[in-house]
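The values are calculated or read from the model by the stated rules, or taken from the named source; none is laboratory data. Predicted model, so just to flag it, every value in this text is computed and none were measured. Counting neighbours? That spans all protein chains shown, and the Cβs are built from the backbone with ideal geometry, glycine included.
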Amino acid sequence: MPSRDRIARTRPPADQGRATALLAAPGRTMKSQSVVDTLGLKIVSGELESGALLPTEVELSLRMGLSRPSLREGLRALAQKGLVEARTRRGTKVHDKAHWNVLDADVLRWIAASPPDPAFFMDLLDARNIFEPAAARLAAARATPEQILAIEHAFREMAKSLPDDVDSCCRHDLAFHELIIAATGNRLLIGFAGAIRTALLAAFRLSSNARESYENSLSEHWAVAAAIRRRSPDEADQAMRILLAGTARDLSPVYASQRRGKPPRRSAALARRRSNQG
C-alpha cells in the first residue's frame, strides 16, 4: 500500500409483569407496521425484557390508537420474527433472544439502532471468521479483472475518506467486503452477505469509532486486495483472517465497557476527529 501520513481516525429495567408504562400513546393512529416497529425496537433494545407480558389487546389498541385487527396483524408479524409468543388466555409474552430470527431485515435494523450488544457482535464476528476467509480464497481464484479493479477502487475510496469522513469510510469498507463476496460467484454467500449488510455496517461503525489508528486496518485491507490480485487463495484466506483478528482487537474495549454497563472509552483517533470538527 502506498505510504501515508499517520491516519487519525441505557436502558431502564423492564417490569417483568405487564409492560404498560413503556407503551405511551403516540397521539396518532398507527398502522400495523408501526406496531411492529415500535414494539420490535423496544424488545430488541431491551426496553421490553424477555418474559415481559404485553398489555392486553384492548389496552394496546387504545394506547396505540388503532383497531384490534391491525394490532393482531402487527403482533403476528412480531411472532413470525420470533420476538413474541401469543398464548391463549395468558397474554403475549416477549421471547428471549434465542428465538429471534436474527437474519430478518427488521430485526437487524433494530439491532443496529440499539445500544451495542456484545453477544450479537461477537456472534457476527464468529460468522465472519467462518465465511469471509473462504470468500477471499474463492475470490482469489474466480474474480474477473473488472471485479479486482472494483475491490481495489473500494479500498482506495475507503482510505481517501479518512480521517475526516468515517461514515463514508464505513460505506466503502462494506462495499469492499461485499465486492469480495460477489467475486466468489457463490449465490448463497452473496445472499447471506446481503441479508446481514445492516449488521455489518453497524459493526464497521462500531469498530471505526473504537480504533486508535487506521493504519493497521488499511494495511490489512490492502493485503487482502493484493492477494486477490496475485491470484493467491492461501494468502487471501490468511490476510482476511488477520484483518478480522484486528477487528476483534478493536472491538474488545467496546465489549468490555458494555458488559460493565459503562460507555466505551473514546479512541484517541475519534477524540482528535471531534476536536478538529469543533
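Given the condition in a loop (DSSP other than H, G, I, E, B), hydroxyl-bearing (Ser, Thr, Tyr) and either modelled with pLDDT under 95 or more than 26 Å from ASN101 (Cα to Cα) (or both), answer yes or no: does some residue in segment 136-154 qualify? Steps first, answer last, please.
So in segment 136-154, the residues in a loop (DSSP other than H, G, I, E, B) come out as 143-144.
If we keep only those that are hydroxyl-bearing (Ser, Thr, Tyr) too, we end up with 144.
With the extra rule that they be either modelled with pLDDT under 95 or more than 26 Å from ASN101 (Cα to Cα) (or both), the set shrinks to 144.
Looking through segment 136-154, at least one residue is in a loop (DSSP other than H, G, I, E, B), hydroxyl-bearing (Ser, Thr, Tyr) and either modelled with pLDDT under 95 or more than 26 Å from ASN101 (Cα to Cα) (or both).
Return the pair list, or none, for Cβ contacts closer than 6 Å from residues in segment 39-60 that are under 15 Å from HIS99 (Cβ atoms) to residues that are among the basic types (Lys, Arg) and buried (at least 16 other Cβ atoms within 10 Å of the Cβ), at least 6 apart or on different chains.
Every condition considered, the pairs that remain are LEU48/LYS42.
Search segment 95-120 for residues that are of a type in the set (Lys, Arg) and pair each with any residue that is part of a loop (DSSP other than H, G, I, E, B) and surrounded by 13 or more Cβ atoms within 10 Å (Cβ to Cβ) when their beta-carbon atoms are under 8 Å apart and the residues are at least 6 apart or on different chains.
Filtered contacts from segment 95-120: LYS97/SER50.
Hey, any hits in segment 113-126 for a residue that's in a loop (DSSP other than H, G, I, E, B), closer than 16 Å to ILE43 by Cβ and either touching a Leu at 6+ places or on another chain (Cβ under 6 Å) or not charged (D, E, K, R) (or both)?
Yes - at least one qualifying residue is present in segment 113-126.
I'd like to check something: does segment 155-162 contain any residue that is of a type in the set (A, V, I, L, M), assigned to a helix (DSSP H, G or I), over 21 Å from LEU201 (Cα atoms) and in the same structural domain as ARG230 (by TED's automatic domain parsing)? Before you say what the answer is, go through the steps one by one.
First, pick out the residues of segment 155-162 that are of a type in the set (A, V, I, L, M): 158-159, 162.
If we keep only those that are assigned to a helix (DSSP H, G or I) too, we end up with 158-159.
In the following step, the residues that additionally are over 21 Å from LEU201 (Cα atoms) were identified as none.
No, because not a single residue in segment 155-162 is of a type in the set (A, V, I, L, M), assigned to a helix (DSSP H, G or I), over 21 Å from LEU201 (Cα atoms) and in the same structural domain as ARG230 (by TED's automatic domain parsing).
Spot the failing condition for ALA77; the list is (1) assigned to a helix (DSSP H, G or I); (2) touching a Lys or Arg at 6+ places or on another chain (Cβ under 9 Å), and only one is missed.
With (1) assigned to a helix (DSSP H, G or I); (2) touching a Lys or Arg at 6+ places or on another chain (Cβ under 9 Å) applied to ALA77, the lone miss is (2).
How many residues are surrounded by fewer than 18 Cβ atoms within 10 Å (Cβ to Cβ) and farther than 29 Å from ASN209 by Cβ if we restrict to segment 133-185?
Counting residues in segment 133-185 that are surrounded by fewer than 18 Cβ atoms within 10 Å (Cβ to Cβ) and farther than 29 Å from ASN209 by Cβ gives 7.
With segment 176-247 as the region, which helices (runs of 4 or more DSSP H) entirely inside it contain at least 1 residues that are over 14 Å from PHE155 (Cα atoms)?
Numbers: elements: 187-195, 197-210, 215-229.
Where helices (runs of 4 or more DSSP H) fall fully within segment 176-247 and carry at least 1 residues being over 14 Å from PHE155 (Cα atoms), they are 187-195, 197-210.
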